[in-house]
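In what follows, a structure is listed as C-alpha cells, so that the remarks can point back to it.
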Amino acid sequence: MLETARDAGDKSHRIKVIVAGYYATGDGYPNGAVTQRILSREACVVDAGLAMPADQHLWRAAKGNLAKRLLMALRLFGHNFASFCRVLSKCDRDRDLIYVRYPALPFMLLIAMVPARLRPRCYVDGFISLWETMFLDRTAGGGTLFGRIVHGLEGRALRAAHRVLVDTLANAEFMRTQFALDSGQTVALPLGVDEERWRNLSDAPTRTAPFVVVFVGTFVPLHGFGVIASAVDLFDANDAVRFVFVGDGQDARVLERIIERRPDLDIVWRRGWHAPEELARMVADADACLGVFGGEGKAARVLPYKLYLYLLLGRPVITQSSLSAPAEEPPPVLGTLPSAADVAAAIRRLRDDPSLQARLASEGRAYYARHLSNAALASGWRELLARHASSAATNFKDEPDPIH
C-alpha cells in the first residue's frame, strides 16, 4: 500500500512522520539531518522540533561551568517542552510516526508522562546512552545515587518509545538488557552520513613511500589511544611509515611525550576542528587507517563515524577484531588484538602486502554500499514505515482514510 501511494504521487495517503525534540545540528551530528531527508522522500514529514544552533556542541556545554550547564539544561527542557506541545497538537497517536532526533532523552521523559493508551508511537535516536557516557565511559560510578537516578530516568524514557534506533547489533542488545526494553523494541540501523561531500575523494594514493597511517578521532581510552601511541613507539625511521593524527583529547599528552622523545619518527599531528571535506582529504591520502582499540565493553559495540568514512573512501582499516555493525556480516578489516605489539604487526603486514591493501579497499567500499550507506539506511526506514502502515491499516481498517 505504501509503495502504491508513493508511486501515484498521492501524498495525502502517505504516512505522516512528525520530527520532534530539540535536536543537534551541524557537521558533528549529521545523522538526524540525513535521516530526515530520507524520510521526506518516503513519507509526509512535518517538523515539530526545534534545531540547536549549528555551533552548539553538547560535549562542550557539559564541560562548561555550572552556569553554562544549567543554561543548557533549561534550553533542553524548555525547547523540548515546546516541541512536545506541538507534537501532541499535530499527531494522531495511532496513525502518525514520531521521529525523535538526538538528543532524545528530554523529549522522551515528557512523553513518558503521557498515559500509555494515549502515547504516540515514537521512533527514537538512541545510539548514545547518556548514563553510559556519564558514568561507565568515565568510570564515575554508575552505582552511585546520581548514577542510579540517571539510569532510571533514561530507562523510563526509552521504555516509552515504540522503537529505539541504535547503530549496531551489539548496542541493540546492550540497550535491551541495560534498560529492560522489550524484545524487538531496539532496531539497528546505519548512521546517516553526508556522502556527497566525500564521494569524489576515493582514488588511492599514487606514492610509493612513506606508508601513511592515519588516525582520526578523540584521544580517549574508548578508542584505545594509549595502545595506538605505544604501537607508534615500536617503529623507527627505517620503517618508512608516516603517522598522521587528526584530533585531540584527554590522552593528548601521551602523543606529545612520544613526539618529544622520538624525533626520529615521522609524526604529523593536526589538532583542532576540521571540516568534513578536510577530514576526507586526509583519509583519502592514507594507505591505512586506524580504528578502535579500546578492548571489550563499549569499544566492542560501537562503529564510529570514522570507520564509515574509511570504508566509503576505500581505505584499508586496521581495528580491533572485537567489533559490531548494524548488519550480521562483519566489516572487512584487518583485525587485531588491542595491544601495541599486535597493532604494530598489523601495520607492517599491510605495508608489505599491496594485494591485501587492494583487497581491503575494494571489499570495504562494497561493504559500505551494502550495509552502511544512505541507501541501506533508507531501506531500513522503508521497512519500518511499511510495518507502521500495516499496523495503522489494521487499527483503522473500517475507515476510508486511514492515514492523513
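The values are calculated or read from the model by the stated rules, or taken from the named source; none is laboratory data. Every value quoted in this text rests on a predicted model; they were computed, and no experiment measured them. No Cβ is skipped: glycine too gets one built from the backbone with ideal geometry, and neighbour counts run over all protein chains shown. For accessibility, only protein heavy atoms count, side chains too; no ligands or nucleic acids. Shrake-Rupley method; radii C 1.70, N 1.55, O 1.52, S 1.80 Å.
Descriptive notes on the structure:
- Flag if P332 is under 21 Å from the mean Cα position of the chain (by Cα), surrounded by fewer than 21 Cβ atoms within 10 Å (Cβ to Cβ) and under 30 Å from A275 (Cβ atoms): yes
- When residues of region 86-104 are limited to those that are open to solvent by 40 Å² or more (accessible area, probe 1.4 Å) and within 28 Å of the chain's Cα centre (by Cα), the one nearest to A33 (Cα to Cα): Y102
- Of all the listed residues (V268, V227, V283), the sole one being over 22 Å from the mean Cα position of the chain (by Cα) and in a helix (DSSP H, G or I) is V227.
- Considering (1) over 30 Å from G152 (Cβ atoms); (2) in contact with a helix residue (DSSP H, G or I) (Cβ under 9 Å, 6 or more places away or on another chain); (3) in contact (Cβ under 8 Å) with a residue 40 or more places away in the chain, the lone condition that V212 does not fulfil carries the number (2).
- Region 286-301: number of residues that are in contact with a Ser or Thr (Cβ under 9 Å, 6 or more places away or on another chain), open to solvent by less than 70 Å² (accessible area, probe 1.4 Å) and not in a helix (DSSP H, G or I): 7
- If you go through region 234-259 and pick out every residue that is under 25 Å from E278 (Cβ atoms), open to solvent by 40 Å² or more (accessible area, probe 1.4 Å) and of a type in the set (G, A, S), you end up with 0.
- Residues being part of a loop (DSSP other than H, G, I, E, B) and either buried (at least 20 other Cβ atoms within 10 Å of the Cβ) or among the aliphatic types (A, V, I, L, M) (or both) - total across region 271-280: 1
- Restricting region 1-29 to residues that are open to solvent by 30 Å² or more (accessible area, probe 1.4 Å) and in a helix (DSSP H, G or I), the residue that is modelled with the highest pLDDT: H13
- Number of the condition not met by A340 [criteria: (1) open to solvent by less than 40 Å² (accessible area, probe 1.4 Å); (2) closer than 22 Å to G297 by Cβ; (3) in contact with a strand residue (DSSP E or B) (Cβ under 9 Å, 6 or more places away or on another chain)]: (3)
- Count of residues meeting criterion [among the basic types (K, R), in contact with a helix residue (DSSP H, G or I) (Cβ under 8 Å, 6 or more places away or on another chain) and at pLDDT below 95] in region 85-118: 2
- Scanning region 88-118 for residues that are touching an Asp or Glu at 6+ places or on another chain (Cβ under 9 Å), in a helix (DSSP H, G or I) and under 16 Å from V45 (Cα atoms) yields one hit, K90.
- Residue within region 304-323 that is within 18 Å of R197 (Cα to Cα) and charged (D, E, K, R) present: yes
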